Amino acid sequence: MSQGNEIGRIAIEAASAPVRQQKSGYPEPFRSLMENRVKQPLGDLFGLKNFGVNRTELKPGGWSSLLHRHSRQDEFIYVLEGHPTLVTDQGEIELAPGYCAGFPAGGIAHQLVNRTDRSVIYLEIGDRTPGDEGSYPADDLKAVQDIRGNWVYQHKDGTPY
């Protein structure tokens with residue numbers, strides 16, 4: 001049962017959570033690739049600081065992210081609806097509701113892609129270890145965190161976007 005509509009609530013229906021207005025922090029030409037992704041930051045609603053939780057919808061043709069891995073942060077996904085394809089640097093796996101996958105820091109590069117004609121909905125959970133970096137093996141992109149923990153995107157040679 002939902003308890004109020006303000007920050008600091010105890011419980012909500014996840015599907016009713018506010019949608020993140022910024023589609024992606026990626027610079028162009030990568031940002032526009034995230035147009036079919038809708039994120040609802042659930043953990044932030046409850047003031048969680050050590051890890052984040054998003055309810056994410058991938059509309060048909062949507063991508064969760066670019067193919068990536070984190071240097072320090074672990075990630076976990078749990079499929080609620082639909083049939084996404086888990087794309088990794090080691091191959092692809094078709095997923096279904098009830099499937100989950102975990103990605104330890106420094107492990108395989110990964111992304112979810114919706115190649116179906118129906119939406120995919122999943123939960124993504126990740127820790128917020130400071131000093132993380134993101135690497136993107138298929139793109140000229142890397143992400144580093146600034147002193148406030150914000151992502152800063154660069155070319156692989158370190159020049160800014």
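Quick look at the values:
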quantity: Within the range 5-42, tally of residues that are over 16 Å from ILE121 (Cα atoms), buried (at least 17 other Cβ atoms within 10 Å of the Cβ) and either touching a Cys at 6+ places or on another chain (Cβ under 9 Å) or not hydrophobic (A, V, I, L, M, F, W, C) (or both); calculated: 2
quantity: Test: VAL120 is β-branched (Val, Ile, Thr) and either in contact with a helix residue (DSSP H, G or I) (Cβ under 6 Å, 6 or more places away or on another chain) or closer than 23 Å to ASP44 by Cβ (or both); calculated: yes
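Every number here is computed from the coordinates shown, using simple stated rules; none is lab data. Note that this is a predicted model, so its numbers are computed, not measured. Cβ sites come from the backbone with ideal geometry, for glycine too, and all protein chains shown count toward neighbours.
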